[in-house]
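Following: one structure in structure tokens, then a few remarks.
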Amino acid sequence: MVGFFIGTMNPKDWLDEHGDALYRFAMQRAQNEEVASDLVQETLLAAWKNHTSFSGESSVRTWLIGILKHKWIDHLRKEIRQRNQAEIADGDPTAWFDPQNGAWLNQPHQWRDDPASLCQDDQFFKVLKSCAEALPDKQQLVFEMREFQGLESDEICKVCDISSTNLHVLLHRARLGLRLCLDKNWFK
Amino acid sequence: MKHSCEKISVLISEELERELTLVERISMHFHFLMCGACKHYNDNIQKLHRIFKMRLKKKYQTMTLPSEKRDIIKAALRKETLNS
């Protein structure tokens, strides 16, 4: 049985058949060509080294994407360790609401623009990016992973080694800050 | 107001991260009936989330692995498979 899989498993075929899909997945997360292609290479090498562990229950692509996810998480962990994000404090949410009755201090208004046209608007994304960069570091980091890179909550918790409660608080604060920044700089 | 806007705003964000309980959903939508600010906040946050999703999909769906990168990977694979 194992022989059968080795026979049909050739890393060069994987690259031909799944290279673009792996690269897209890596680019979406890393948003950097060098990092993304390194991740694809590491994934294929790791897949080759462990090809006997491929059970054949999932498709080759699903299996490869699974390995890529792990490689990406390893990469992020390293990066976070380097940036030493863990120590950085995050913002105070009490500034958003009246401490007496919990009502909005700065009331949100309706945004009229249509999401479909905004998502094609590079100017809007520039404003969005600079608003995100103005957030406290920890909020910015998790918010970018969640929304700019499209990671799922549980992936972010694993990478940053935080609880889901902690993540939810950070995302909540990030959304409060980002929304107000967009209100002032775009939807005015 | 039974539920303060501060508490509702937490639920609005968490709805994007986890499944809210029935009670949470009802209290949130009931609050929206009385509070325009929270309803707008919910619309803003949902809209933003949708924009990000659409952008990700659009930006990456046609991307391909550059051929020079492909060659580098191919060489690395060849070296590795010959070694084993």
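Some values worked out for this structure:
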quantity: Percent of Cα-Cα distances greater than 31 Å, calculated over chain A; calculated: 34
quantity: Gap separating the Cα centres of the range A:140-165 and the range B:68-84, nearest whole Å; calculated: 33
quantity: Greater than 24 Å apart at Cα, pairs in A:Lys138/B:Lys57; A:Lys126/B:Lys39; A:Lys184/B:Lys39; A:Lys71/B:Lys69; A:Lys78/B:Lys7; A:Lys158/B:Lys39; calculated: A:Lys138/B:Lys57; A:Lys126/B:Lys39; A:Lys78/B:Lys7; A:Lys158/B:Lys39
quantity: Full-extension gain in nm, A:Lys49 to A:Lys188, via 0.36 nm per residue minus C-alpha separation; calculated: 44.5 nm
quantity: Computed FRET value (nearest 0.05) for A:Asn106 with A:Asp13, which takes r as the C-beta separation and R₀ as 51 Å; calculated: 0.35
quantity: Degrees between helix B:22-34 axis and first principal axis of chain B (Cα, 0 to 90, nearest 10); calculated: 60
quantity: FRET E, pair A:Lys126, B:Ser67, Förster distance 41 Å, beta-carbon r, rounded to 0.05; calculated: 0.85
quantity: Descending principal axes extents, chain B, alpha-carbon based, whole Å; calculated: 71, 27, 18
quantity: Chain B, helix-only ellipticity at 222 nm - DSSP H runs n ≥ 4, -39,500 (n - 2.57), divided by all residues, nearest 500; calculated: -25500 deg cm²/dmol
quantity: Surface accessible to a 1.4 Å probe, per residue, for the residues of chain A, Å²; calculated: 51
quantity: Efficiency of FRET between B:Arg78 and A:Glu33 - r from beta-carbon atoms, R0 25 angstrom, step 0.05; calculated: 0.70
quantity: Loop sites in the range A:29-61: GluC sites (Glu not before Pro), DSSP, at most 14 other Cβ within 10 Å; calculated: A:Glu57
quantity: 0 to 90° range, to nearest 10: angle between helix B:5-14 axis and chain B longest Cα axis; calculated: 30
quantity: Chain A - Cys residues lacking any other Cys C-beta under 4.7 Å; calculated: A:Cys119, A:Cys157, A:Cys160
quantity: Accessible area, probe 1.4 Å, largest first, for residues A:Val35, B:Val23; calculated: B:Val23, A:Val35
quantity: Chain A, relative contact order in percent, only Cα pairs under 8 angstrom and at least six apart counted; calculated: 21
quantity: List A:Leu22, B:Leu16, B:Leu82, ordered by accessible area with a 1.4 Å probe, largest first; calculated: B:Leu82, B:Leu16, A:Leu22
quantity: Distance between modelled label sites at A:Arg77 and A:Thr62, nm, 7 Å Cα→Cβ extension; calculated: 2.5
quantity: GluC sites (Glu not before Pro) within chain B, DSSP loop, no more than 15 other Cβ atoms inside 10 Å; calculated: B:Glu19
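The values are calculated or read from the model by the stated rules, or taken from the named source; none is laboratory data. Quantities reported herein were computed from a predicted structural model and do not represent experimental measurements. Don't worry about glycine lacking a Cβ; one is built from the backbone with ideal geometry, like all the others, and counts go over all protein chains shown. Just so you know, the surface numbers come from the protein's heavy atoms only, side chains and all, with ligands and any DNA or RNA stripped out. Shrake-Rupley method; radii C 1.70, N 1.55, O 1.52, S 1.80 Å.
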